[in-house]
1. Can you find, within the range 436-468, the residue that is nearest to the chain's Cα centre (by Cα) among those that are under 18 Å from VAL146 (Cβ atoms) and of a type in the set (Val, Ile, Thr)?
2. Can you tell me how many residues within the range 155-182 are more than 18 Å from ASP299 (Cβ to Cβ) and surrounded by 23 or more Cβ atoms within 10 Å (Cβ to Cβ)?
3. Which one is nearest to the chain's Cα centre (by Cα) among residues in the range 377-413 that are without any contact (Cβ under 8 Å) to a residue 40 or more places away in the chain and surrounded by fewer than 17 Cβ atoms within 10 Å (Cβ to Cβ)?
4. For HIS342, indicate whether it is part of a loop (DSSP other than H, G, I, E, B) and at pLDDT 95 or above.
5. Any residue at all in the range 441-451 that's touching a residue at least 40 places away in the same chain (Cβ under 8 Å), of a type outside the set (A, V, I, L, M) and within 21 Å of LEU60 (Cα to Cα)?
6. Check every one of the helices (runs of 4 or more DSSP H) wholly within the range 138-241 and list those with 1 or more residues that are at pLDDT below 70 and not hydroxyl-bearing (Ser, Thr, Tyr).
7. Within the range 397-459, considering only strands (runs of 3 or more DSSP E) that don't extend past its boundaries, which have at least 2 residues that are more than 29 Å from GLY361 (Cα to Cα) and of a type in the set (S, T, N, Q)?
8. Take the residues of the range 416-459 that are basic (Lys, Arg) and under 22 Å from LEU396 (Cβ atoms): which is surrounded by the fewest Cβ atoms within 10 Å (Cβ to Cβ)?
Amino acid sequence: MLEIFGSRSRYCDGMSRRSFLRVGGFTFGTMAALPLADVLRAEAATGKKQSHKAVIHIFLAGGPPHQDTFDLKLDGPGEYRGPFKAINTNVEGLQICEVFPKLAKIMDRFTLIRSVDGCKDRHDAYQCMSGWLRSDLAVGGGYPAVGSVISRMHGPIHPSMPAAVGLAAPATERRWSDPGDPGFLGPAYAPFRPFTVGAAPYDHAAKIDASTHGPGLEIIRLQGMTLDRLQDRRRLLEAMDRTRRGFDSSDVQAMDASTRAAMEVLSSNRLADAFDLSKESPQTRERYGDGKPYQFQYDGCPTANEQLLMARRLVEAGARSVTLSFGRWDSHSRNFDLVRDHGAKLDQALSALVSDLQERGMLDDVLVLTWGEFGRTPKINRQAGRDHWAPVNCALVAGGGYRHGQVIGSTTADGAYIESRPVHCQQVLAAVYRHMGVDPDSVTLNDRAGRPQYLLDYREPIQEMVGA
């Protein structure tokens, strides 16, 4: 939350201005520390490796149906086959669902992995963000997500820009709006979150749920900030300016260097500018679209197309890792209506992002990963839906300097099982790490007990993407 009061002498509850300024779940003042400062202290202790490599991680929460999106099964029996037609792409022999015409024109910039395995029947962003389940190493704090590892290994590119940003909009089902847990690395490496957690629906502000998070919430948020409010540049800059003016010289002098640097992040015009979509041309914003009206959202995240544009702006401003959750794909009923809605919006936003990065000369430096937790059942249920199906998943990878314009793996005629070239879900994240200059074969990080832990168990390169 960003609570900034107008009075320079005393707050409306009678407390003096010097007593506290609260940002996110934190208290600034003589009796409290800013966890972002811990980030900066840790980075100063470990050193920073400057790099302009970045990853944009798009989580399709709920598990999109592989056989109705990127692995159509047109010859299956009626109870298995959906209503969609296949369309050709600009990659010879590759067809995808008709709801993705824009992506079809640029599939030469993607690698489509149709044979992702190792997924579990768990509705949780955690396994996509880290490659693990929450139960893995739970007594040691859990494994960290990619963004937290990158933040720990490399630190920020610019002192007023967080290394990792989580754009996931509020969702009632919080596991679907997880931006990436820092695990055993601790809260100092949690991503910066501009949106309030636990709010639903998306366009409503909400307060931190202390019963769930407790008073020691360690992730910075601008509470009550919706996407629309972030786009109101005047209100955002006024709030940040009041933050700066809220501390007189004696306050600032009392801070240590790390806390002053943390304040710089929170009050930085650089960060505000990255969120300010009004700086983009109307043509660019129209190209991405807004993903409205939001449909099939229920307890999940909206199809907020603007977040993909915001992700590009954040990367340009210096973020290394940006995560977001796009839509709610848990299609136990009305599966085909959902795919038409969510698929068309994803088609517009993702094609715009990848084309935009290409045109700006950024695509080799920015890896874009798009996937969900698992696939869906081959057989259509009585509610015209598909249920959870962990044996098969698919993923789209673009950019990152890898070789693209190809399909990896195949599934059986009914889409139930992997037929050729299984790729473990952790190998997909290993490709992200390698792009970011983190070698999963050699890098270990100490857990809370001081024991070195590899980032992943399945660390083999995806040779088709690496090339000879």
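The values are calculated or read from the model by the stated rules, or taken from the named source; none is laboratory data. Here the structure is a predicted model, which means the values were calculated and not measured. Note that each Cβ is placed from the backbone with ideal geometry, even for glycine, and that neighbours are counted across all protein chains shown.
1. Among them, the one singled out is VAL438.
2. Final tally of qualifying residues: 9.
3. Checked the range 377-413; the qualifying residue nearest to the chain's Cα centre (by Cα) is GLY401.
4. So HIS342 fails the test.
5. no
6. It comes to 210-213, 227-230.
7. Result: 444-446.
8. ARG421
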